[in-house]
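**Student:** Below are the structure tokens for one structure; questions will follow.
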Amino acid sequence: MAGAILENLSTKKLSFFCLCLLLVQIACFLVGGLVAPAPSSAHNILTTKCIDPSFSLQKWFQPHGPHACDKVRDFDEATKRGIFADWIVFSAQVPHRPNTMHRSFQYMLGVLVMDIGYSDEDGKHLAPNAAVTLVVRLGYKDTDDGEFQELVSVNETRKLECVFPFTEDKVGYHYSCEPLPLFELGSVHHKHYLINIRMPITKDKATGALTNTNIGSPEDLHVVIIHQNGGFTTVWMSIKTIMFPIVLLITIWFWRRVKTQGKPSVLLERTIFALAIIMSILNFPMEWLTFWVEVPFMTLLSDIKQGAFYAMLFSFWIIFIGEHLMDQTQRNRLKVYRRQVASIIFTFFCLFIFDVCERGVQLVNPFFSMWNTDKGYRLAMAFIILAGICLCSYCLFLLFMVYQVFKNISMRRATLPHMAKARRLHYEGLIYRFRFFMIFTVLTAIFTVIFFIMSQVLEGHQKAGESISSVQYTSGFYTGVYGMWNIYVVAVLVLYAPSHKKTASTSNGEGSEGSHVEFDIDVPSEGRPTDPVVAGSLTEAYQLLSKTATE
Amino acid sequence: MKLEWLVAFFVLPMASLLAKETTAASSGKWWSIATYPQKSNIVTDTQGTEISLEPQMRPLNKRQRRMVRDNPGILLAISQAVKMAVTECKYQFKNRRWNCPTMMNVQGANSLFGKILNTACRETAFIYAITSAAVTHSVARSCSEGSVETCTCDYKYQRPSEEDWEWGGCSDNIAFGHRFSQKFVDADEKGRDLRFMMNMHNNEVGRLTVSSDMRQECKCHGMSGSCTIKTCWMRLPTFRTVGEFLKDRFDGASRVALRNEGVRDSSNSNSNRPGSERGGRRDRGQQRAPTGTESNFQPYNANHKPAGPRDLVYFDDSPDFCVRNEKVGTLGTVGRECNNTSLGVDGCDLMCCGRDYDGSQVRIKERCSCTFHWCCKVKCQECTTVRTVYRCR
């Protein structure tokens, strides 16, 4: 890579640039923390127990309103009225009456929470490996008084994972059960949804045993609906809409600069360009579409885009470090990095396959989840473990390469004073670029982790204290981290773009081909501060980056 | 300052005059809405929401009536709450000398729980706490079922605006239940005396028990199902948990007296006689800080620990539940079933207060060896068992 702007930039300009990025970063956090609501909300809906002696899968059972169903309050009443288990339809209307769902909610997850009462009576015990068989119908309507239309009707089995938290017999208490994932909708295109759940007692085709016979005595079914908040969607999409053209313009500027150099572009430049392109794709605010068109594959798409970005970012790190290795080997070809890149590609390919299996099938059947069946569970685990192994091997590669770079740097620095001026400048330039990049990358990564932990901890505290704080830490985390990686890409684009200043251009040294010697000799003198106070702090900064005056 | 003087001269003497009558019997009238027959008195409007007819509103005061009218469907929740409280009270005390007797057919003051409420004893404390807890629980449940439409994040007698819902969602039904119970149940309390303070405190104990027994559950739904995005929700405790907790608090209830300095939130300290009340009718709603009431009490026995925000308080001795006393409202334990082998309170020695007890053979017909299908029993046999039942003389 030819001399980058980073080396030719005066310290004043560089610090100004960094300050600007910092301000954008802070703005991103504040927008998320102060303007946006929490990213998602959950509504715990207690299902109404409707009665349907006809066992009709054509009829809809609504809990309230003018067409409300015939209902029972509890099962004692049902027993008294001589009602069978097959007649009971658990009905939940989403959302509760005065409200309507909105397209900006983006996705909708349903979780089934069962209140299974403990009973010391015979035949009411919950079997250890019990599974519940559900016949679920999901419908929608867009007008207040229209009929519900069927979205999907399925027959699903879910394993119950329940424990009774007490050692003695305690009548009236509930088992503590894991919430069961029910469905995932990739778009919320309609205003009202209706969920009808039955737990029929029928003969299982495969085993011949009766279904739903050893599930204890469920007292209530809750359907927890989780969706993204409209406010968060608006803020998120606004950030994307603002970021997209900026990053795209800088990308175009970067590529034109590479092209106007008059030399064929080197691998590192191409990698940076690819990273910027993928960032732009991620930034492209496609979600605006959901306001007009039903796009059920939006979550799948955004998962894929995010995965692609991570894959590209990891590849970029490997290539960048490789290009700054400072050994005598010829690189500048993607082939050299095939093992590392292949491990990254494989990692994300595994995750991609998993995601396509999970979310892809959900396009057809929102109630499907790989985790629900034993086979699917094993397959999903296999994909994730494989991806994990690949990611670990990648990390080891990366750490090893970083270690090599540092080893080489210390070796080179020992011999620096004895080198010819051109070579010395070449290596100093390489070292400076690398150090800057390392510090910048590590800071970004560390901040991501810190913000993640902070948002989790702060959110946890908020729940316990029950006081509603005005700062939304989780939203701040999302927008902040999103902004941070955009800023990272912008900084890489700008600072590592080839420089026009060619004051000390000499012939290619024996270094790697990708790293032309173009260290600008007058950088330190240009950046030499006149103010003594500033000078002190800047010297420190220089030492940190091992960029000492070379005059 | 002028207002303070006004209060000191006019309202204070008037309030103390009224105090004798209002002290005990006035509060808790709303409980008797459970004794009114349901369904028949409830008509539904065009939307299918239950609205009530006037007879059911009779036990309620003006403020409570307004709250019921403003929140269609909530009357059913309240009446179910009272029934739930009664059931739970009876369950928790089934083995005690006082077994939470109720009179479902009598109407009027003290109709449901009887004259025991005139005594500021532990039992009264428990009744106040469990009914208040039941309202919180039942209202939150109704909100989550969607049978009350006015549940909002912020209790302002208005529905959430469409924009608020769209922008940030709104799901905290339990907070609404708590606030509603606070306004509805406490609207029944008048005066500023020790009994008033006791009721208010015990009401809050009940509500606090519901709120603090809630459990949080979460779901991860980030990229590929990872935990980068986690959404949590709260689950109401079973009412049995609430009942059991309050029963524990009943056994460890604190006997209190009014703090010598008087009501802590009073600005001028001219009312330091216990039992005297200040004319605190202006901003009554504001003066009740949710957890601040216990600071008005001091333990009756100076060696005891002061009552905390989740401790039941009382200041009268319990009446003797062994004998029937119409005046105090005790039924006595004559005819109560007891366990002749137990050494506890349900044992015949304690239950019958040292009197004799009779054993008799009883044939009990029960449904047995039933096939049970998760909700309901199908195909039962009838079995007859012979059991010896002991009853106090």
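**Student:** Please specify each residue of segment A:268-315 satisfying the condition of being open to solvent by less than 10 Å² (accessible area, probe 1.4 Å), touching a Gly at 6+ places or on another chain (Cβ under 9 Å) and among the hydroxyl-bearing types (S, T, Y).
**Tutor:** Across segment A:268-315, there are no qualifying residues.
**Student:** Is it the case, given these coordinates, that A:R359 is within 14 Å of chain B (Cβ to nearest Cβ) and either among the hydroxyl-bearing types (S, T, Y) or crowded, with 20+ Cβ neighbours inside 10 Å (or both)? Steps first, answer last, please.
**Tutor:** Details: within 14 Å of chain B (Cβ to nearest Cβ): yes; either among the hydroxyl-bearing types (S, T, Y) or crowded, with 20+ Cβ neighbours inside 10 Å (or both): yes.
It is true that A:R359 is within 14 Å of chain B (Cβ to nearest Cβ) and either among the hydroxyl-bearing types (S, T, Y) or crowded, with 20+ Cβ neighbours inside 10 Å (or both).
**Student:** Of everything in segment A:366-376 that's at pLDDT 85 or above and open to solvent by 30 Å² or more (accessible area, probe 1.4 Å), which residue is farthest from the chain's Cα centre (by Cα)?
**Tutor:** Out of the qualifying residues, it is A:K375.
**Student:** Among (1) in contact (Cβ under 8 Å) with a residue 24 or more places away in the chain; (2) of a type in the set (V, I, T); (3) surrounded by fewer than 16 Cβ atoms within 10 Å (Cβ to Cβ), where does A:T47 come up short?
**Tutor:** Answer for A:T47: the failing condition is (3).
**Student:** A further question follows. In segment A:221-249, what count of residues is obtained for those that are closer than 30 Å to B:T371 by Cα and either facing chain B (nearest Cβ under 9 Å) or open to solvent by 30 Å² or more (accessible area, probe 1.4 Å) (or both)? If you could, list the steps in order and put the result at the bottom.
**Tutor:** The initial filter retains those residues of segment A:221-249 that are closer than 30 Å to B:T371 by Cα, namely A:221-223.
After this cut, where a residue has to be either facing chain B (nearest Cβ under 9 Å) or open to solvent by 30 Å² or more (accessible area, probe 1.4 Å) (or both) as well, the list is A:222.
Number of matching residues: 1.
**Student:** Could you tell me whether A:S265 is open to solvent by 10 Å² or more (accessible area, probe 1.4 Å) and in contact (Cβ under 8 Å) with a residue 60 or more places away in the chain?
**Tutor:** On the way: open to solvent by 10 Å² or more (accessible area, probe 1.4 Å): yes; in contact (Cβ under 8 Å) with a residue 60 or more places away in the chain: no.
It is false that A:S265 is open to solvent by 10 Å² or more (accessible area, probe 1.4 Å) and in contact (Cβ under 8 Å) with a residue 60 or more places away in the chain.
Residue-wise test of (1) under 32 Å from the mean Cα position of the chain (by Cα); (2) open to solvent by 50 Å² or more (accessible area, probe 1.4 Å); (3) away from every other protein chain (no Cβ under 14 Å).
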residue	(1), (2), (3)
A:L9	no, no, yes
A:C28	yes, no, yes
A:K71	no, yes, no
A:D74	no, yes, no
A:K80	no, yes, no
A:A92	yes, no, no
A:H96	yes, no, no
A:M101	yes, no, no
A:Y107	yes, no, no
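**Student:** Scanning for something free of Cβ contacts under 8 Å to residues at least 60 places away in the same chain, over 35 Å from the mean Cα position of the chain (by Cα), within 12 Å of chain B (Cβ to nearest Cβ) and open to solvent by 20 Å² or more (accessible area, probe 1.4 Å), does segment A:146-153 turn up at least one residue? So that I can check it myself, show each step before the final result.
**Tutor:** Just the residues of segment A:146-153 that are free of Cβ contacts under 8 Å to residues at least 60 places away in the same chain, to begin with: A:146, A:149-150.
Now narrow it down to the ones that are over 35 Å from the mean Cα position of the chain (by Cα): A:146.
Now narrow it down to the ones that are within 12 Å of chain B (Cβ to nearest Cβ): none.
No, segment A:146-153 contains no residue that is free of Cβ contacts under 8 Å to residues at least 60 places away in the same chain, over 35 Å from the mean Cα position of the chain (by Cα), within 12 Å of chain B (Cβ to nearest Cβ) and open to solvent by 20 Å² or more (accessible area, probe 1.4 Å).
**Student:** Another one. Looking at A:R198, A:R257, can you tell me which residue is surrounded by 20 or more Cβ atoms within 10 Å (Cβ to Cβ), touching a residue at least 60 places away in the same chain (Cβ under 8 Å) and not polar (S, T, N, Q)? Working first, answer last.
**Tutor:** Working: A:R257 fails: surrounded by 20 or more Cβ atoms within 10 Å (Cβ to Cβ).
Every option except A:R198 fails the conditions.
**Student:** Select from segment B:350-380 the residues that are open to solvent by 30 Å² or more (accessible area, probe 1.4 Å) and within 35 Å of the chain's Cα centre (by Cα) and list them in ascending order.
**Tutor:** Correct list: B:L350, B:C353, B:G354, B:R355, B:Y357, B:I364, B:E366, B:R367, B:H373, B:K377.
For every residue, the table says whether it meets (1) more than 30 Å from A:L210 (Cβ to Cβ); (2) touching a residue at least 40 places away in the same chain (Cβ under 8 Å); (3) in contact with a strand residue (DSSP E or B) (Cβ under 7 Å, 6 or more places away or on another chain).
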| residue | (1), (2), (3) |
| --- | --- |
| B:P319 | yes, yes, yes |
| B:C322 | yes, yes, no |
| B:G329 | yes, yes, no |
| B:V362 | yes, no, yes |
| B:C368 | no, no, yes |
| B:W374 | no, no, yes |
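**Student:** Condition first: away from chain B (no Cβ under 14 Å), touching a residue at least 40 places away in the same chain (Cβ under 8 Å) and closer than 22 Å to A:Q25 by Cβ. Can you find one or more residues in segment A:320-327 that meet it? Let's see the steps before the verdict.
**Tutor:** Restricting attention to segment A:320-327, the residues satisfying the condition of being away from chain B (no Cβ under 14 Å) are A:320-327.
Going one step further and asking which of them are touching a residue at least 40 places away in the same chain (Cβ under 8 Å), we end up with A:320-327.
Then keep just the ones that are closer than 22 Å to A:Q25 by Cβ; that gives A:320.
Checking segment A:320-327: at least one residue is away from chain B (no Cβ under 14 Å), touching a residue at least 40 places away in the same chain (Cβ under 8 Å) and closer than 22 Å to A:Q25 by Cβ.
The rows are residues; the columns are (1) assigned to a helix (DSSP H, G or I); (2) open to solvent by less than 20 Å² (accessible area, probe 1.4 Å); (3) within 14 Å of chain A (Cβ to nearest Cβ); (4) modelled with pLDDT under 80.
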site: B:N110; (1), (2), (3), (4): no, no, no, yes
site: B:A133; (1), (2), (3), (4): yes, yes, no, no
site: B:R141; (1), (2), (3), (4): yes, no, yes, no
site: B:S144; (1), (2), (3), (4): yes, yes, yes, no
site: B:T150; (1), (2), (3), (4): no, yes, yes, no
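**Student:** Quick one: A:H174 ticks every box in (1) in contact with a Ser or Thr (Cβ under 6 Å, 6 or more places away or on another chain); (2) away from chain B (no Cβ under 11 Å) except a single one, so which number is it?
**Tutor:** Tallying (1) in contact with a Ser or Thr (Cβ under 6 Å, 6 or more places away or on another chain); (2) away from chain B (no Cβ under 11 Å), A:H174 fails exactly one: (2).
**Student:** Taking A:L57, is it open to solvent by less than 10 Å² (accessible area, probe 1.4 Å), over 30 Å from A:Y473 (Cα atoms) and more than 8 Å from chain B (Cβ to nearest Cβ)? Before you say what the answer is, go through the steps one by one.
**Tutor:** Numbers: open to solvent by less than 10 Å² (accessible area, probe 1.4 Å): no; over 30 Å from A:Y473 (Cα atoms): yes; more than 8 Å from chain B (Cβ to nearest Cβ): yes.
Spelling it out, it is not the case that A:L57 is open to solvent by less than 10 Å² (accessible area, probe 1.4 Å), over 30 Å from A:Y473 (Cα atoms) and more than 8 Å from chain B (Cβ to nearest Cβ).
**Student:** Can you tell me which of (1) within 11 Å of chain B (Cβ to nearest Cβ); (2) free of Cβ contacts under 8 Å to residues at least 60 places away in the same chain; (3) open to solvent by less than 50 Å² (accessible area, probe 1.4 Å) is the one A:K141 doesn't meet?
**Tutor:** The one condition A:K141 does not meet is (1).
**Student:** While we're looking at this one, here's another question. Looking for something touching a residue at least 60 places away in the same chain (Cβ under 8 Å) and more than 35 Å from the chain's Cα centre (by Cα) - is there at least one such residue anywhere in segment A:398-410? Steps first, please.
**Tutor:** Just the residues of segment A:398-410 that are touching a residue at least 60 places away in the same chain (Cβ under 8 Å), to begin with: A:398, A:401-402, A:404-405, A:408-409.
From what's left, more than 35 Å from the chain's Cα centre (by Cα): A:408-409.
Yes; the residues of segment A:398-410 include at least one that is touching a residue at least 60 places away in the same chain (Cβ under 8 Å) and more than 35 Å from the chain's Cα centre (by Cα).
**Student:** Quick one: is B:G168 modelled with pLDDT under 80 and either away from chain A (no Cβ under 13 Å) or open to solvent by less than 30 Å² (accessible area, probe 1.4 Å) (or both)?
**Tutor:** Working: modelled with pLDDT under 80: yes; either away from chain A (no Cβ under 13 Å) or open to solvent by less than 30 Å² (accessible area, probe 1.4 Å) (or both): yes.
Judged against the criteria, B:G168 is a match.
**Student:** Still on this structure, I have one more. In segment B:304-335, what count of residues is obtained for those that are among the acidic types (D, E) and modelled with pLDDT under 85? Step through it out loud before you land on a result.
**Tutor:** Taking segment B:304-335 first, the residues among the acidic types (D, E) are B:311, B:316-317, B:320, B:326.
Narrowing the set further to residues that are modelled with pLDDT under 85 leaves B:326.
The number of residues fulfilling the criteria is 1.
**Student:** From A:M298, A:M279, grab the single residue that is more than 22 Å from A:F316 (Cα to Cα) and of a type in the set (A, V, I, L, M). Outline the logic, then answer.
**Tutor:** Values: A:M279 fails: more than 22 Å from A:F316 (Cα to Cα).
None of the others qualify; the one that does is A:M298.
**Student:** Next question, about the same structure. Within segment A:160-175, is even one residue surrounded by fewer than 20 Cβ atoms within 10 Å (Cβ to Cβ) and under 28 Å from A:L57 (Cβ atoms)?
**Tutor:** Checked against the condition, which is being surrounded by fewer than 20 Cβ atoms within 10 Å (Cβ to Cβ) and under 28 Å from A:L57 (Cβ atoms), segment A:160-175 yields no hits at all.
**Student:** Still on this model: Of (1) more than 30 Å from A:L182 (Cβ to Cβ); (2) at pLDDT below 85; (3) open to solvent by 10 Å² or more (accessible area, probe 1.4 Å), A:L325 satisfies all except one. Which?
**Tutor:** Result: A:L325 fails condition (3) only.
**Student:** In segment A:385-397, what residues are of a type in the set (A, V, I, L, M) and surrounded by 16 or more Cβ atoms within 10 Å (Cβ to Cβ)?
**Tutor:** Narrowing segment A:385-397 to residues of a type in the set (A, V, I, L, M): A:385-387, A:389, A:391, A:396.
Residues satisfying the conditions are A:L386, A:A387, A:L391.
**Student:** Just for segment A:114-128: of the residues that are part of a loop (DSSP other than H, G, I, E, B) and facing another protein chain (nearest Cβ under 8 Å), which one is most open to solvent (accessible area, probe 1.4 Å)? Outline the logic, then answer.
**Tutor:** Pass one, segment A:114-128, residues part of a loop (DSSP other than H, G, I, E, B): A:118-125, A:127-128.
Still in the running and facing another protein chain (nearest Cβ under 8 Å): A:121-124.
Details: A:E121: 77, A:D122: 140, A:G123: 44, A:K124: 33 Å².
Here the residue is A:D122.
**Student:** Oh, and also: Tell me which of these A:R433 doesn't satisfy, since it passes every other one: (1) of a type in the set (D, E, K, R); (2) over 23 Å from A:L495 (Cβ atoms); (3) in contact (Cβ under 8 Å) with a residue 40 or more places away in the chain.
**Tutor:** Tallying (1) of a type in the set (D, E, K, R); (2) over 23 Å from A:L495 (Cβ atoms); (3) in contact (Cβ under 8 Å) with a residue 40 or more places away in the chain, A:R433 fails exactly one: (2).
**Student:** Return the residues of segment B:174-219 that are within 9 Å of chain A (Cβ to nearest Cβ), in contact with a strand residue (DSSP E or B) (Cβ under 7 Å, 6 or more places away or on another chain) and polar (S, T, N, Q); say none if nothing qualifies.
**Tutor:** B:Q216
**Student:** Just for segment B:220-242: of the residues that are among the small types (G, A, S) and more than 8 Å from chain A (Cβ to nearest Cβ), which one is most open to solvent (accessible area, probe 1.4 Å)?
**Tutor:** Taking segment B:220-242 and keeping what is among the small types (G, A, S), we get B:222, B:224-226.
This time we only want the ones that are more than 8 Å from chain A (Cβ to nearest Cβ), so: B:222, B:226.
Numbers: B:G222: 4, B:S226: 43 Å².
Across segment B:220-242, the extreme among qualifying residues is B:S226.
The values are calculated or read from the model by the stated rules, or taken from the named source; none is laboratory data. What you are looking at is a predicted structure, and each value in this text was computed from that prediction instead of being measured. Here the Cβ is made from the backbone with ideal geometry for all residues, glycine too, and neighbour counts use every protein chain on show. Keep in mind that these areas ignore ligands, DNA and RNA; they rest on the heavy atoms of the full protein, side chains included. Shrake-Rupley method; radii C 1.70, N 1.55, O 1.52, S 1.80 Å.
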